[in-house]
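S.K.: For reference, the structure I am asking about is given below.
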Amino acid sequence: MNAQLIEGKVVAKSVRSGLKPRIAALKERGVTPGLATVLVGDDPASAIYVNSKIKACERLKLHSEAIQRPAELTQAELLKLVSDLNEDKNIHGILVQSPLPDQIDELTVTLAIDPRKDVDGFHPFNVGLMLLGRPGLLPCTPHGIIKLLEHYEINPAGKEVVVVGRSNIVGKPVAAILQQKAKMADATVTVAHSRSKNLADICRRADILIAAVGRPAMITVDMVQPGAVIIDVGQNRVEDSSVEKGYRVVGDVDFPQVQEVASYITPVPGGVGPMTIAMLMSNTVAAAESITSEG
Ligand code: NDP
């Protein structure tokens, strides 16, 4: 069997198309949704992520502010910047790119962001709403995964879902969303991690297998139930001297082997990645709608 590709680029485009009339309606009311990105230090990978977010804003004609600060920035200075952005009427979404330098505590910074502008969905207020199954700003990558499943009419209800990885930004939230009593959820979810025993056995139970680990090709074909749906979140740089950059990006799944037995599979790149950015745009528009409707 050759799996059907889950094309994140195509689904991301349809998410963007869905946002356009909402952006137009906001602009008619004199509101341009605005996203501020804050980059501290000069980590090249973080700079690439931030640039792609700014470009996505430009494509949708949203307002964006790319703020860059040196690696020596103090926590107090960053908190002051966040506080100013909370007050800024032109900004509806605030994204502080991680990782942050050691002198800055990420949770303290996240707590300082107005939850209404928390377009990453990382603020404990929004995390709480997500766990309660109430509307709020959902984290972008997990939300993007749900949208991919929805687009391909893969209903997780009653299915065995295995999530490999328990990070606060991907593994835990996608598990929390999929086990809700709700549409595009109602799954039986298992979360595996580095301390899990018999990982291959656990993975083979999965009707839907979500890999969010950060280890190239660690999900091998023997870990996959024939016909399973494979969502590969991993974005790993591996050396490749045959390309100009000297590296290429691969997922956590051994794609060539696994695609022969899976029913659906996300490619890397072009699978989950574009959805993360599309859902960031979606959260920015939703934040602008909700903040400006409060009068
Ligand atoms: P983290 O490093 O925060 O978490 C990795 C998780 O994988 C941890 O829970 C860890 O377990 C688990 N793990 C590590 N080794 C093993 C192993 N051998 N067996 C089973 N579990 C293991 O990563 P993130 O969640 O932030 O990211 C995961 C991947 O997804 C990365 O490649 C990242 O680049 C990518 N990513 C992609 C995004 C996109 O838009 N496509 C967005 C965000 C991330 P433990 O908790 O026990 O340490």
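The values are calculated or read from the model by the stated rules, or taken from the named source; none is laboratory data. Model, not experiment: these values are computed from the prediction. Every residue, glycine among them, receives a Cβ derived from its backbone with ideal geometry; neighbour counts consider all protein chains shown.
S.K.: Within region 148-168, count every residue that is crowded, with 21+ Cβ neighbours inside 10 Å and within 15 Å of the chain's Cα centre (by Cα). Step through it out loud before you land on a result.
M.R.: The first filter runs over region 148-168 and keeps only residues crowded, with 21+ Cβ neighbours inside 10 Å, leaving 148-149, 156, 161-165.
If we keep only those that are within 15 Å of the chain's Cα centre (by Cα) too, we end up with 148-149, 163, 165.
Matching residues across region 148-168 total 4.
S.K.: On to the next question. Among I91, I6, I48, which is the only one that is touching a helix residue (DSSP H, G or I) at 6+ places or on another chain (Cβ under 6 Å) and over 21 Å from A286 (Cβ atoms)? Can you show your working first?
M.R.: Numbers: I91 fails: over 21 Å from A286 (Cβ atoms); I48 fails: touching a helix residue (DSSP H, G or I) at 6+ places or on another chain (Cβ under 6 Å).
Matching residue, one of I91, I6, I48: I6.
S.K.: Also, I was wondering about something else. Scan region 147-168 for residues that are farther than 26 Å from K13 by Cβ, assigned to a loop (DSSP other than H, G, I, E, B) and away from the ligand (no atom under 13 Å from the Cβ) and report the count.
M.R.: 3
S.K.: What tally of residues in region 102-136 results from selecting those that are buried (at least 16 other Cβ atoms within 10 Å of the Cβ), assigned to a loop (DSSP other than H, G, I, E, B) and over 18 Å from the mean Cα position of the chain (by Cα)?
M.R.: 3
S.K.: If I filter region 181-204 down to residues being assigned to a loop (DSSP other than H, G, I, E, B) and within 13 Å of the ligand (Cβ to nearest atom), which single residue comes out as nearest to R134 (Cα to Cα)? Show your work before the answer.
M.R.: Our first condition is that a residue be assigned to a loop (DSSP other than H, G, I, E, B); within region 181-204, this holds for 181-187, 193-198.
If we keep only those that are within 13 Å of the ligand (Cβ to nearest atom) as well, we get 193-198.
On the way: H193: 27, S194: 30, R195: 31, S196: 30, K197: 34, N198: 35 Å.
If we take residues in region 181-204 being assigned to a loop (DSSP other than H, G, I, E, B) and within 13 Å of the ligand (Cβ to nearest atom), then H193 is nearest to R134 (Cα to Cα).
S.K.: Tell me, please, whether a residue that is buried (at least 19 other Cβ atoms within 10 Å of the Cβ) and under 30 Å from S17 (Cβ atoms) can be found in region 190-206. So that I can check it myself, show each step before the final result.
M.R.: Step one: filter region 190-206 for residues buried (at least 19 other Cβ atoms within 10 Å of the Cβ), giving 191-192, 203, 206.
Imposing the further condition that a residue be under 30 Å from S17 (Cβ atoms) reduces the set to none.
Taking every residue of region 190-206 in turn, none turns out to be buried (at least 19 other Cβ atoms within 10 Å of the Cβ) and under 30 Å from S17 (Cβ atoms).
S.K.: Kindly indicate which of T284, T266, T276, T220 is exposed (fewer than 15 other Cβ atoms within 10 Å of the Cβ), in contact (Cβ under 8 Å) with a residue 24 or more places away in the chain and among the polar types (S, T, N, Q).
M.R.: Among T284, T266, T276, T220, only T220 is exposed (fewer than 15 other Cβ atoms within 10 Å of the Cβ), in contact (Cβ under 8 Å) with a residue 24 or more places away in the chain and among the polar types (S, T, N, Q).
S.K.: Is there any pair with a first residue in region 133-151 that is within 21 Å of S290 (Cα to Cα) and a second that is assigned to a helix (DSSP H, G or I) and aromatic (F, W, Y) whose Cβ atoms are under 8 Å apart and which are 6 or more apart or on different chains, and what are they?
M.R.: Pairs that qualify, where the first residue is within 21 Å of S290 (Cα to Cα) and the partner is assigned to a helix (DSSP H, G or I) and aromatic (F, W, Y), are G136/F125.
S.K.: For region 223-246, state whether one or more residues are closer than 30 Å to R29 by Cβ and crowded, with 21+ Cβ neighbours inside 10 Å. Quick ask: steps written out before the conclusion?
M.R.: Initial filter on region 223-246 (closer than 30 Å to R29 by Cβ): none.
No, that holds for no residue.
S.K.: Here is a follow-up. Looking only at region 119-132, count every residue that is under 19 Å from I91 (Cβ atoms) and in contact (Cβ under 8 Å) with a residue 40 or more places away in the chain and tell me the total.
M.R.: Of all residues in region 119-132, those under 19 Å from I91 (Cβ atoms) come to 119-123, 125-126.
Next, from what is left, pick out any that are in contact (Cβ under 8 Å) with a residue 40 or more places away in the chain: 119-122.
Residues in region 119-132 being under 19 Å from I91 (Cβ atoms) and in contact (Cβ under 8 Å) with a residue 40 or more places away in the chain: 4 in total.
S.K.: Between P99, P70, P44, which is free of Cβ contacts under 8 Å to residues at least 60 places away in the same chain, surrounded by fewer than 19 Cβ atoms within 10 Å (Cβ to Cβ) and under 23 Å from L138 (Cα atoms)?
M.R.: Values: P70 fails: under 23 Å from L138 (Cα atoms); P44 fails: under 23 Å from L138 (Cα atoms).
Residue meeting the stated conditions: P99.
S.K.: I've got another one for you. Considering G171, G144, which residue is of a type in the set (G, A, S), modelled with pLDDT of 95 or more, within 10 Å of the ligand (Cβ to nearest atom) and surrounded by 24 or more Cβ atoms within 10 Å (Cβ to Cβ)? Give the steps one after another, and end with the answer.
M.R.: On the way: G171 fails: surrounded by 24 or more Cβ atoms within 10 Å (Cβ to Cβ).
Answer to the selection: G144.
S.K.: What about I94, is it away from the ligand (no atom under 16 Å from the Cβ) and touching a residue at least 24 places away in the same chain (Cβ under 8 Å)? Before you say what the answer is, go through the steps one by one.
M.R.: On the way: away from the ligand (no atom under 16 Å from the Cβ): yes; touching a residue at least 24 places away in the same chain (Cβ under 8 Å): yes.
Judged against the criteria, I94 is a match.
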